[in-house]
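Student: Have a look at this one.
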Amino acid sequence: MLMAKRKTKVATRIELDSVYVLKMLLYLILGSFWLRVSNTSQTSQIPIPIGLIIGLFLASHERFQIDRKLEYAILLMAMFIGFWLPIGITVVR
């Protein structure tokens, strides 16, 4: 005897436009943060893109995986802008 399988509906989650814009703004701000370690005796500086690292981690663990390429592009653009602007944390040792 063959049994009929039930069709189950897959619940699709719809992301609101306001949530999407807020998320892109978060990636833009987060990607611009840098950790700069500088030395007082020599004016050398080691910049570390800490916002990019955190942003890549958040983008890879997101529920909506559709726009991952766009999130990566926004993070990279913000990283290059944040390198020239004084945004982030400066640690002097």
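Student: Can you list residue pairs whose Cβ atoms sit under 8 Å apart, with the first residue in the stretch 40-52 being modelled with pLDDT under 75 and the second being open to solvent by 100 Å² or more (accessible area, probe 1.4 Å)? Count only pairs 6 or more apart in sequence or on different chains.
Tutor: Close Cβ pairs satisfying both conditions: none exist.
Student: Would you be able to tell me the number of residues in the stretch 62-93 that are modelled with pLDDT under 85, open to solvent by 80 Å² or more (accessible area, probe 1.4 Å) and more than 15 Å from SER32 (Cβ to Cβ)?
Tutor: Number of matching residues: 4.
Student: Which one is modelled with the lowest pLDDT, of the residues in the stretch 1-27 that are of a type outside the set (A, V, I, L, M) and open to solvent by less than 100 Å² (accessible area, probe 1.4 Å)?
Tutor: In this case the residue turns out to be GLU15.
Student: Just to be sure I understand, how many residues within the stretch 44-61 are part of a loop (DSSP other than H, G, I, E, B) and surrounded by 14 or more Cβ atoms within 10 Å (Cβ to Cβ)?
Tutor: Residues in the stretch 44-61 being part of a loop (DSSP other than H, G, I, E, B) and surrounded by 14 or more Cβ atoms within 10 Å (Cβ to Cβ): 1 in total.
Student: If you go through the stretch 62-92, how many residues are in contact with a strand residue (DSSP E or B) (Cβ under 6 Å, 6 or more places away or on another chain) and outside any helix (DSSP H, G or I)?
Tutor: Here the count works out to 5.
Student: While we're here: Could you look through the stretch 28-43, keep only residues that are farther than 30 Å from GLU15 by Cα and of a type in the set (Val, Ile, Thr), and pick out the one that is least open to solvent (accessible area, probe 1.4 Å)?
Tutor: Selected residue: VAL37.
The values are calculated or read from the model by the stated rules, or taken from the named source; none is laboratory data. Since the structure is predicted, the reported quantities are computational estimates derived from the model, not experimental observations. No Cβ is skipped: glycine too gets one built from the backbone with ideal geometry, and neighbour counts run over all protein chains shown. When the accessible area is computed, the model is the full protein with side chains, heavy atoms only, and any ligands, DNA or RNA have been set aside. Shrake-Rupley method; radii C 1.70, N 1.55, O 1.52, S 1.80 Å.
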